[in-house]
1. Leaving ligands and nucleic acids out of the surface, order E294, E386, E431 by accessible area at 1.4 Å, largest first.
2. Okay, which of segment 248-279 sit inside 16 Å, backbone N to the point 7 Å along the Cα-Cβ direction of E286?
3. At a probe radius of 1.4 Å, what is the per-residue accessible area of D443, in Å² to the nearest 10?
4. Lysines near K163 by alpha-carbon distance under 21 Å, same-chain residues fewer than 8 away left out - which ones?
5. Note the full-extension length gain between E478 and K268 as 0.36 nm times their separation in residues minus their Cα-Cα distance, in nm to one decimal.
6. May I ask you to rank I402, I27 by accessible area, largest first, using a 1.4 Å probe over the protein chains only?
7. Quick one: check the C-alpha center-to-center distance for segment 427-475 versus segment 106-136, whole angstrom.
8. Quick query: amide H of V320 versus all other amide H atoms, modeled in the peptide plane; which residues come in under 5 Å with a sequence gap of 5 or more or a different chain?
Amino acid sequence: MASSSSSNDMEQQMRSEENTSEGFDYISHLPEAIMLYILSFLPIKDLMVVSLLSRLWKSMVVNHLSIVPSSLKLDEFESIKNYIRQSARHHQCAEFHVLFSSPVYLKHLHDVGRRQYQDYVDRTLMLHTGCTINKLQLILCYDGSDGYTRRITRWVRFAFTNKIKKLIVDFSRGQQVHPDNVVEPYDLSVTNFSPVNLQSLTLTYCKLTASSFGILWSVKRLCLKMVTIIECSISDLVSKCPVLEDLSMEHCVFPNEFMVSKTVIKIKRLSLIHCTTEDRPMFSIEMSASELLELEIVANYLMVSSIQNAVNLLDVEIDVDQDYADHIQGDALSSFLNGLDHCKTLTLTTWCIQLLPIGENLLNQLPKPLQRLEHLKLVLGFGRQELPGIACLLRSCPNLKILTITMKEEEVDVDWTEFLDDIPDLLNFDEDTYWESQLLPFDCLEKTLKQVNISGFSTKLNEVKMVTFLLEGAKLLENMVIFCAETSMISSNPTEKHVQDLWYQDNSHFVHSLPKVAVEARVAVFRNLRCDL
């Protein structure tokens with residue numbers, strides 16, 4: 001802030017110059033504190049306009065930005081789209097149809113809109129040089145052209161060398177502008193920055209290596225989306241972030257051994273969503289993570305994996321979306337869960353549930369029980385092939401307190417036809433009497449299960465059998481909450497609404513009429529989760 005006598009003299013001189021052509025400029029003669037207070041009400045776009053008025057106002061804007069940290073969203077796609085919309089409003093209807101049907105004219109509008117966006121970004125970043133920025137979002141229509149790449153490189157350099165706390169850089173929006181053009185990801189592997197203030201970094205659609213950065217001293221959250229990682233491992237990446245807590249990777253491509261580490265990975269949250277390797281749509285995980293609290297894996301295939309020493313693990317979610325399976329993958333899943341025996345909440349989807357008991361030994365329960373698991377979440381369709389997996393999991397959780405079941409609209413059975421020799425004898429049972437025929441005990445029903453939550457209930461036979469089994473077997477059950485399956489719409493037709501009401505009343509009455517071993521257990525049935533909330 002200009003506080004010395006020389007700077008005050010300069011401001012007075014500039015103000016007097018501004019008053020020579022027109023009448024007295026009352027606003028420019030306001031005390032500086034009041035001028036800064038007025039600027040505090042203006043959005044960033046208006047501040048950029050004010051900075052163009054004079055050297056005095058530019059100085060005031062810079063002072064304001066140095067005091068009040070900004071949050072900037074510089075979205076090229078939205079900027080170009082808004083410019084084209086504004087241009088359309090300025091033309092008559094007949095002109096609009098003629099001009100806007102021309103690809104050449106649309107390209108002209110796109111190019112003008114891009115130039116305006118580039119000039120705006122240049123000026124915005126220039127005014128913020130040396131200022132603290134709470135959040136900067138650079139959302140770019142990267143097209144691979146040399147001229148634009150050089151400009152983007154300058155912006156990226158600004159982003160990694162200034163005082164930014166949360167940085168989001170997205171190079172992927174060019175695919176929306178030119179969907180037919182395949183553009184290589186932006187190459188971030190040639191940079192080498194060490195930002196001090198950066199705490200959260202999100203990168204989308206680029207290429208990088210561990211050597212792309214110096215040490216990211218303050219980064220606690222690193223999110224990579226559609227990123228191609230070259231010649232490094234997870235330990236190399238994490239070593240660049242000494243205080244990293246949260247690593248999220250979505251649709252990334254990395255080396256085959258990327259998730260294999262001999263050193264301890266000291267992060268608290270790890271999310272791997274639809275990632276692949278350079279050569280195959282799968283990868284093996286081999287690491288030690290003593291500080292890991294949350295783990296999320298969403299994939300198309302599961303290889304033999306192990307996470308060791310995860311003694312602080314709280315929440316695990318495994319979602320594999322695959323049409324086929326064999327006993328090898330069943331063994332891989334069983335082995336992987338053995339290393340996660342410290343987790344307290346586990347979420348599994350239908351593929352895992354169907355596959356879990358289908359190892360070479362046809363498991364009735366996991367070799368190593370999940371002794372600390374308190375909350376089991378299952379996402380399933382309640383098909384025939386899921387029943388052994390549900391039983392296996394219930395037996396493997398002797399201290400389970402909460403069971404949450406989310407029912408999918410359709411049953412999805414794993415296809416075993418490609419592996420005829422692997423079709424397990426475990427599936428040869430009478431579906432209608434499956435739960436009544438279980439001879440091995442369920443310790444959690446006898447000693448610990450207190451809460452059952454079910455959503456998507458539609459009174460299919462397997463659903464009713466499961467509810468009956470839980471009510472008759474859970475001796476310490478306190479609450480069972482059931483949300484009926486959602487209807488497509490809340491009907492305004494009196495007749496349809498009456499039919500829906502009767503269906504709900506019949507289901508509610510039926511569930512409440514089921515026998516229960518825990519006499520004091522409360523059973524509540526609601527129409528559906530969306531309606532009742």
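The values are calculated or read from the model by the stated rules, or taken from the named source; none is laboratory data. Since the structure is predicted, the reported quantities are computational estimates derived from the model, not experimental observations. Cβ atoms come from the backbone with ideal geometry, glycine included; neighbour counts cover every protein chain shown. These accessible areas exclude ligands, DNA and RNA; they are computed on the full protein's heavy atoms, side chains included. Shrake-Rupley method; radii C 1.70, N 1.55, O 1.52, S 1.80 Å.
1. Working: E294 85, E386 5, E431 60 Å².
Greatest to least solvent exposure: E294, E431, E386.
2. Residues 255-265 qualify, since their backbone N sits under 16 Å from the label point.
3. Roll a 1.4 Å probe over it and D443 shows about 60 Å².
4. In chain and number order, the partners are K45, K58, K73, K135, K220, K240.
5. 72.3 nm
6. On the way: I402 55, I27 95 Å².
So the residues, ranked largest to smallest area, are I27, I402.
7. 60
8. Those qualifying (amide H under 5 Å, at least 5 residues apart or on another chain) are A299, T349, W351, C352.
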